[in-house]
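What follows is one structure encoded as structure tokens, with my remarks underneath.
The values are calculated or read from the model by the stated rules, or taken from the named source; none is laboratory data. All figures in this text were calculated on a predicted structure; none of them were measured in a lab. With ideal geometry, Cβ positions are generated from the backbone for all residues, glycine too; neighbour counts draw on all protein chains shown. For the accessible areas, the whole protein counts, side chains as well, though only heavy atoms, and no ligand, DNA or RNA atoms are used. Shrake-Rupley method; radii C 1.70, N 1.55, O 1.52, S 1.80 Å.
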Amino acid sequence: MASKAPKQNIDESQLSLTKPKTTAVGLPAVANALKISLEQMGPLRSIQTLLAVNQVDGFDCMGCAWPEHEKRNAAEFCENGAKAVAEEATRRRVTPEFFAKHSIADLKTRDDYWLGQQGRLTHPMLLDEGATHYKPIEWDDAYELIAQEIRDMEHPDQSVFYTSGRTSNEAAFAYQLLVRGIGTNNLPDCSNMCHESSGSALVETIGIGKGSVSLTDLETASLIFVAGQNPGTNHPRMLSALEKAKKNGAVIISVNPLPEAGLLRFENPQNISGMVVGTQLTDDFLQIRAGGDQALFQGLGKYLLEAEAQGRNTPGLPTVLDHEFIRDHTVGIDEYLRYIEKAEWDDIVEATGLTLEQIKSTGERLLASSATIVCWAMGLTQHKHSVPTLRDVVNVLLLQGNIGKPGAGVCPVRGHSNVQGDRTMGIFEKMPESFHDRLDHEFQFLSPRAHGFDTVAAIRAMRDGKVRVFIGMGGNFVRAAPDSEVTEQALANARLTVQISTKLNHSHVSTGRRALILPTLGRTEKDTQRTGDQRVTVEDSMSAVHASRGRLKPASEHLQSEVAIVCNIAHKVLTGGDNLPLPNSPKADWLAMRDDYSVIRKHIEAVLSGFENFEERIQNPGGFVLPHPPRDARKFDTASGKAHFTGNELEFIRVPAGRLVLQTLRSHDQYNTTIYGKDDRYRGIHGGRRVVLINADDITELGFTDGDIVHLVSEFRGTERRAENFRIMSYSTPKGCAAAYYPETNVLVPLDSVADTSGTPTSKSVIVRLERAEA
């Protein structure tokens, strides 16, 4: 039997600290995965679900977007994947009786852990204007309420439609069609807050905002950079690929402000030798200052150019640079050279916090590499200068021709299972004109062309009273977004907020004047519509599209699938239901799409290139891989038809005296905003979350001692934001840098502090001071 949900919030007085680990996974990971699975699901259900995770005839893990080989292990999941599955397939339930017992005022006092641990939502619920409690509502009445609010809008841009990365391709495609049928492109999504900088830089430089490598490339690379990323917690199955690369002779360089156990040593639970002996993954650890990555890659480019001038060479080439590739496939090299020539070594050393010897030694690694891959995640994408940083990553790869050849390329590691697929389907506030043209042709309407709101712009519009209706497709918008207090106040200005969810979270208690909770099926559950059992598809980090089919009985008879919810809303709003249809609505049979998802896939096939014979190709084990012109043929969909070198001014964070630069991060018992437990065992943190990791010298110089309780105060353009009662933990991090968990620290991230070009919140470079808390 599954255990009961906790009765209280996390008690931070029980926080304890131990020495950080230097090894990841192994038996502790297996034990913890089983413990949480048994607590949430019980033994039989645990076996039934875990053996179906990421299998060709099973369901795609709702955790990260890491890909699989065609040949799968029997246990094709990681510890955090098991936690994600257990949370969704839990036997705990949040019923109408729960909401009758707990008022909104009560729920607001609960922390993220407590809310998430209560279980699955079972019935559509309405919070009426002025009400203290949610009450049950029937589905038809909920749809009618949504339709009426949308029809009462003065303009389509008074609505905002957010998407989380777990949404399937079919649901995402239907969702964006609904939104554009209403007449707006207000489609903010979780990408806006994470990998938007990656997309911005890659589209500009290589013509496509996706990674260019496969699992085979990663396993056969000569040199791999893992920058601004903690795969041991955020993408644990990536460790198996790095282990294979290591055994094939790869050199792995980790670039991060914090040493992370997963990149130090990996004990693979899939085999005995992996458990007993383990594998040291990292050859070189570059403990870089937060925001210093652009300087590092400019320094590496500078070193390669100096080596070229000295007449040196790289494997397989007569010179350091791949002149043939540069001549035939790139433009802009002269502009890049001008910026690199004026970059000073002293500035590069100051920005990175590394020694000149470390940077030049890394340059030697590049010279010795026949094929180089750079992997990255949020540590590179959430700074003001993230887009220039990633342009300089691409510059270094272009110098040696490391795009479009085996074992080489760019590898932005996505953090949510279908976040890349949602973007492919059209979840983007500024899709290209070619997408709109094909969408219009397929559905015989004129989709809006004016760019819509991204996440930050949506919050600003709601803050300013310009939005009447907010609909969230999955996720936890209020806790994922920056500037928590501003975001909560912004949502409160809406007339109606709608959350399509599997579980309870803070977005259900930070509402508009009226609020709906629409409970939906999870990935683990059987989805049966009028034409029979359905399957959905997802796209992983490496552009592979495959099917996913749940097997469990739904948590409640009152649940509807994401596809059904979208199609039912569209039927009410766009076709009119009992009313006249909206003008310029797409000519779509929404009920047919709801009843048979293959109808949606037919539409996807017609609108999106690369999806030819969609239905037939998802029958294949492993599905199919979407075209990627730079990878497949060294073709680049840019204005010039070639890859673009770019010249970028060197930028880095200069921390004022008496201040620190804070990066927000996850604990090991966490996935995005979902808190699975109270521990971060790899970092030695147990029983609590309000911890700030600081360099020992900074602690002393700022007048504190290890273990002191402090308030974190961020400073931005004359405005202060506060996160209170954090315990100082002396930790290995560069001087001037600190780290603490989100979503607790999202309140410190200013809404208007965003990356240039991409608009991504700067959650990895928050300037803070410490204030001593009163005893």
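Judged by the gyration tensor of its Cα atoms, with axes a ≥ b ≥ c, segment 13-93 is oblate; a/c meets the 1.5 cut and b/c is at least as large as a/b.
With 32 Å as the limit on Cα-Cα distance, the pairs of Lys21/Lys526; Lys384/Lys430; Lys83/Lys735 that go past it are Lys21/Lys526; Lys83/Lys735.
In segment 213-259, the inverse of the mean reciprocal separation of distinct Cα atoms equals 10.9 Å; this is its Kirkwood hydrodynamic radius.
Counting only C-alpha contacts under 8 Å and six or more residues apart, can you give the relative contact order of segment 1-69 as a whole percent? Could the numbers behind the result be given before it?
On the way: 24 pairs, mean separation 24.2, N = 69.
Across segment 1-69, relative contact order equals 35 percent.
Per residue, the Cα convex hull of segment 384-430 amounts to 128 Å³. Cysteines in the chain lacking any other cysteine Cβ under 4.7 Å from their own Cβ: Cys61, Cys64, Cys78, Cys190, Cys194, Cys567, Cys737.
For segment 94-175, the spread of Cα positions along the three principal axes, ordered from largest to smallest, is 37, 31, 23 Å. The largest accessible area among Asp328, Asp637, Asp454 belongs to the first residue in Asp637, Asp328, Asp454, and the rest follow in falling order (1.4 Å probe, all chains). Once the gyration tensor of the Cα atoms in segment 510-656 is diagonalised, the equivalent ellipsoid follows with semi-axes of 35, 24, 20 Å, ordered largest first. Pairs exceeding 24 Å between alpha-carbon atoms, taken from Lys7/Lys503; Lys7/Lys35; Lys71/Lys247; Lys135/Lys466; Lys7/Lys108; Lys246/Lys642: Lys135/Lys466; Lys246/Lys642. Find, to one decimal place in angstroms, the Kirkwood hydrodynamic radius of the chain, where the mean of 1/r is taken over every pair of different Cα atoms and then inverted. Roughly 26.5 Å, rounded to one decimal. Judged by the ratio a/c of the largest to the smallest principal axis of the C-alpha gyration tensor, segment 319-389 counts as rounded, that ratio being less than 1.5. Computed over segment 432-481, the P(r) curve from all C-alpha pair distances, binned at 10 Å from the origin, holds 20, 36, 33, 11 percent per bin.
At 1.4 Å probe size, with the rest of the protein present, what percent of the exposed accessible area of the chain is carbon and sulfur atoms?
In the chain, the share of accessible area belonging to carbon and sulfur is 50 percent.
Extending 7 Å from Cα along the Cβ direction at Glu341 and again at Glu557 yields two label points whose distance is 7.7 nm. Given the options Met153, Ile224, Ala142, identify the residue whose Cα lies farthest towards the positive end of the charge dipole of the chain (+1 on Cβ of Lys, Arg; -1 on Cβ of Asp, Glu). Ranked along the dipole, the leading option is Ala142. Protein heavy-atom accessible surface, 1.4 Å probe, per residue over segment 269-343: 46 Å². Once both labels are positioned 7 Å from their Cα atoms along Cα-to-Cβ, the gap between Ser3 and Asp128 label points is 4.0 nm. When both segment 117-136 and segment 25-94 are represented by their alpha-carbon centers, they are found 29 Å apart. Based on the alpha-carbon gyration tensor of segment 421-565 and its eigenvalue square roots a ≥ b ≥ c, which shape applies: rounded if a/c is under 1.5, prolate if not and a/b is larger than b/c, or oblate? Judged from the Cα gyration tensor, segment 421-565 comes out oblate (a/c at least 1.5, b/c at or above a/b). Once Rh for segment 621-775 is found with the Kirkwood sum over Cα pairs, what is the Stokes-Einstein diffusion coefficient at 4 °C and 1.567 mPa s, in µm²/s? My calculation gives 71 µm²/s for D.
Loop-resident GluC sites (Glu not before Pro) (DSSP state other than H, G, I, E or B) in segment 519-567 with no more than 12 further Cβ atoms inside 10 Å of their Cβ: Glu557. Its relative contact order, with pairs defined as Cα atoms under 8 Å and 6+ residues apart, puts segment 398-454 at 25 percent.
Working note: 222 nm ellipticity from helices only, DSSP H runs with n ≥ 4, each -39,500 (n - 2.57), summed and divided by the residues of the chain, gives -10000 deg cm²/dmol to the nearest 500. Binning the C-alpha pair distances of segment 259-357 at 10 Å intervals from 0 yields a P(r) profile of 13, 29, 26, 21, 9, 1 %, listed from the shortest bin outward.
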